[in-house]
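Novice: Okay, handing you the structure first.
The values are calculated or read from the model by the stated rules, or taken from the named source; none is laboratory data. Here the structure is a predicted model, which means the values were calculated and not measured. When we count neighbours, we look across all protein chains shown, and the Cβ atoms used for this are built from the backbone with ideal geometry, even at glycine. Accessible surface is based on the protein model in full, side chains and every heavy atom, while ligands, DNA and RNA are left aside. Shrake-Rupley method; radii C 1.70, N 1.55, O 1.52, S 1.80 Å.
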Amino acid sequence: MEQFSSSTLLPDTFAGGRGDMTEQFLVIWSQIRAPLIVPLLRVAVFLCLAMSAMLFVERVYMAVVITLVKLFGRKPDKRYKWEPLKDDLELGNSAYPMVLVQIPMYNEKEVYQLSIGAACGLSWPSDRIIIQVLDDSTDPIIKNLVEMECQRWASKGINIKYEIRDNRNGYKAGALKEGLKHSYVKQCDYVAIFDADFQPEPDFLWRTIPFLVHNSQLALVQARWKFVNADECLMTRLQEMSLDYHFTVEQEVGSSTYAFFGFNGTAGVWRIAAINEAGGWKDRTTVEDMDLAVRASLKGWKFLYLGSLKVKNELPSTFKAYRYQQHRWSCGPANLFRKMLVEIIRNTKVSLWKKVHVIYSFFFIRKIVAHIVTFVFYCVVLPATVLVPEVQIPKWGAVYVPSIITLLNAVGTPRSLHLLVFWILFENVMSLHRTKATFIGLLEAGRVNEWIVTEKLGDAHKLKSALKAFRRPRFRLGERIHLLELATGGYLFFCGCYDIVFGKNHYFIYLFLQATAFFIMGFGYIGTFVPS
């Protein structure tokens with residue numbers, strides 16, 4: 001049987017055209033490669049290595065600090081006075097400070113009973129606590145359910161206030177700000193804030209309020225998050241690895257060394273006087289919690305992180321919800337950095353060292369460099385060196401530094417170390433989404449003020465059945481397909497193939513694995529199985 005040639009399959013004109021186009025491309029590539037591509041790639045490699053080195057130094061520094069804190073028992077709470085509050089026969093319950101508990105809500109059908117029930121279950125003198133439910137729900141059915149739940153607890157003698165607005169201006173920041181304007185709040189000294197999926201233990205106030213009572217310089221006591229659905233699927237396990245590092249290292253180091261860290265927006269108790277002095281809640285970015293924390297810090301207030309106090313909450317268990325959350329968490333800090341840089345530099349109430357920490361470490365390294373270098377270096381520049389072998393990346397930059405950074409990040413969740421490869425691939429893919437959001441925040445473009453409430457599925461005991469209902473196959477092209485991830489996956493796959501045929505770098509295993517991760521998440525499929 002005769003073999004088929006290109007001329008039998010395509011007319012000569014097409015075959016000739018195809019050959020001419022290939023030759024033209026190769027000619028153009030050879031002409032621009034040496035004078036343009038190689039110098040640009042070398043500059044990119046230099047910048048990425050510099051950012052990688054900065055991130056490496058930051059991670060090693062925090063590892064050293066947290067190790068010293070653990071060895072010498074210098075945890076932040078040991079440096080502040082704490083004594084249990086005691087009854088006073090003469091003053092009675094008035095010896096205890098008045099505490100406001102705020103629960104901001106927006107169409108929280110699955111979790112409103114959990115959060116309201118947990119807040120109403122807080123152990124504190126009943127006449128010295130006010131539960132304030134700030135309901136911005138737009139669904140009249142959910143709004144009615146929340147109001148009825150508040151009435152149910154009120155009938156049991158709980159001092160609970162159901163507050164609504166006729167608009168959602170400012171989103172969560174607007175709701176919290178309006179909540180503090182009510183006349184009954186003037187008698188309160190402290191405010192505890194819990195998002196709708198957070199469930200504090202009954203002794204939460206007894207463990208936090210004494211720090212604020214006995215240390216007048218403290219503005220905030222922040223508790224750690226405990227994830228009730230961390231074992232639900234692969235995606236929640238990977239989220240747990242990232243957030244555990246934030247809580248076990250970043251928050252602990254910030255509290256230990258500078259008495260400053262970013263408020264997590266929930267599971268914390270504020271001194272109301274500090275909120276007012278800092279200028280109150282502002283809705284200029286999507287990270288109103290971080291905004292308030294930075295402004296309060298610049299006024300000289302100190303913060304305390306209690307890693308031993310854990311509050312149960314829920315991780316996003318759908319990829320769509322997680323992407324919206326990560327956009328807000330990446331775009332907001334970058335936008336806040338843009339808005340507050342000059343204000344921080346000009347501030348005269350805090351030390352130069354603290355200003356350097358806030359600008360360089362807290363904002364620049366953790367909120368900007370960490371996202372950019374992860375995507376640009378490991379998903380763009382490193383694969384490009386396969387196509388341009390004239391540019392080489394030193395082994396310390398391509399292997400040693402990334403490996404150490406990865407291990408330091410993952411050490412906060414030792415039970416998930418066997419998932420390290422999955423976590424690396426997952427974080428690299430998400431770095432594209434975070435980098436895009438970071439530039440949107442820095443440039444104040446497009447979706448800079450987008451606020452979409454993270455979907456919650458409720459009680460961990462009901463979660464599996466809820467997930468099954470939620471994950472019924474629904475294919476919506478706009479929601480499921482992510483073109484940038486698919487394009488990046490195609491680029492990595494091409495670089496991997498090129499490395500096998502022509503390359504000398506031998507990155508093809510990494511490139512194929514990473515390309516696969518981009519393809520999977522580009523089609524919106526992640527985390528549907530439960531790891532052991």
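Novice: Determine the share of the range 218-338's accessible area contributed by carbon and sulfur atoms, expressed in whole percent, with a 1.4 angstrom probe.
Specialist: Using a 1.4 Å probe with all protein chains present, the range 218-338 comes out at 44 percent carbon and sulfur.
Novice: When you have a sec, figure out the Kirkwood radius of the range 340-427 from all distinct Cα pair distances and drop it here in Å to one decimal?
Specialist: Over the range 340-427, the inverse of the mean reciprocal pair distance is 15.8 Å.
Novice: Hey, another quick one. For the range 104-214, what is the largest minus smallest coordinate of the Cα atoms on each principal axis, given in angstrom and ordered from greatest to least?
Specialist: Cα spread of the range 104-214 along its principal axes, largest to smallest: 42, 26, 22 Å.
Novice: For q = 0.16 Å⁻¹, what log10 I(q)/I(0) does the range 54-135 give under the Debye formula with an equal point scatterer on each alpha carbon and no solvent?
Specialist: So the normalised log intensities work out to -0.84.
Novice: Treating cross-link reach as a plain straight distance, find the aspartates and glutamates whose alpha-carbon is under 19 Å from the alpha-carbon of Lys436, omitting any fewer than eight places away in the same chain.
Specialist: Within the straight-line cut-off, Lys436 pairs with Glu427, Glu444, Glu450, Glu479, Glu485.
Novice: Can you quote the Å³ per residue value for the convex hull of the Cα atoms in the chain, rounded to an integer?
Specialist: So the per-residue hull volume is 195 Å³.
Novice: Let me ask something else about it. Quote the charge dipole size of the chain about the Cα centre in Debye, to the nearest 20; the model charges only the Cβ of Lys and Arg (+1) and of Asp and Glu (-1).
Specialist: So the dipole magnitude of the chain works out to roughly 900 debye.
Novice: Compute the semi-axes of the equivalent ellipsoid of the range 195-283, taking the square root of 5 times each eigenvalue of the Cα gyration tensor, and list them largest first in whole Å.
Specialist: Each semi-axis is the square root of five times an eigenvalue, giving 26, 15, 14 Å.
Novice: Express in whole angstrom the spacing between the alpha-carbon centres of the range 236-261 and the range 478-521.
Specialist: 31
Novice: Hey, what's the Cα Rg ratio for the range 80-318 versus the globular rule of thumb, 2.2 N^0.38 Å?
Specialist: So the Cα radius of gyration is 0.99 times the expected 2.2 N^0.38 Å.
Novice: Over the Cα atoms of the range 297-352, how large are the radius of gyration and the largest Cα-Cα distance (Dmax), in Å?
Specialist: Here Rg and the maximum Cα pair distance are 16.5, 45 Å.
Novice: Using Cα positions and a limit of under 26 Å, work out the lysines in reach of Lys354, with same-chain residues fewer than 8 apart set aside.
Specialist: Straight-distance partners of Lys354: Lys70, Lys75, Lys78, Lys81, Lys282, Lys299, Lys302, Lys339, Lys367.
Novice: For the range 377-466, divide the Cα radius of gyration by the Kirkwood radius and give the resulting Rg/Rh value with two decimals.
Specialist: Reported Rg/Rh (Cα atoms, Kirkwood Rh): 1.09.
Novice: Measure nothing fancy, just the Cα-based angle from helix 38-72's long axis to the longest principal axis of the chain, in degrees from 0 to 90, nearest 10.
Specialist: Helix 38-72 and the main axis of the chain meet at about 30 degrees.
Novice: In whole angstrom, note down how far apart the Cα centers of the range 323-349 and the range 282-310 are.
Specialist: 12
Novice: Please check the chain for the longest run free of GluC sites (Glu not before Pro) that are loop-located per DSSP (anything but H, G, I, E, B) and have at most 12 other Cβ atoms within 10 Å.
Specialist: Maximal segment without exposed cleavage sites: 91-389.
Novice: Pairs of alpha-carbon atoms within less than 8 angstrom and 6+ residues apart define the contacts here; what relative contact order does the range 279-418 have, in percent?
Specialist: Relative contact order here is 21 percent.
Novice: Still on this model: Specify the angular offset, from 0 to 90 degrees and rounded to the nearest 10, of the alpha carbon long axis of helix 420-443 from the longest principal axis of the alpha carbons in the chain.
Specialist: Result, in degrees: 80.
Novice: If one puts a single equal scatterer on every Cα of the range 260-374 and applies the Debye formula without solvent, what log₁₀ I(q)/I(0) results at q = 0.13 Å⁻¹?
Specialist: Values returned for q = 0.13 Å⁻¹ are -0.55.
Novice: Please give the net charge around Phe211, taking every other residue with its beta carbon less than 12 angstrom from that of Phe211, where Lys and Arg add +1 and Asp and Glu add -1.
Specialist: +4
Novice: While we're on this one: What angle do you read, to the nearest 10 degrees and between 0 and 90, between the alpha-carbon axis of helix 204-214 and the longest principal axis of the chain?
Specialist: 70
Novice: Under a cut-off of 22 Å between alpha-carbon atoms, report the lysines in cross-link reach of Lys395, not counting same-chain residues fewer than 8 places apart.
Specialist: Lys504
Novice: So, one more: What is the distance in Å between the Cα centroid of the range 174-195 and that of the range 352-396?
Specialist: 41
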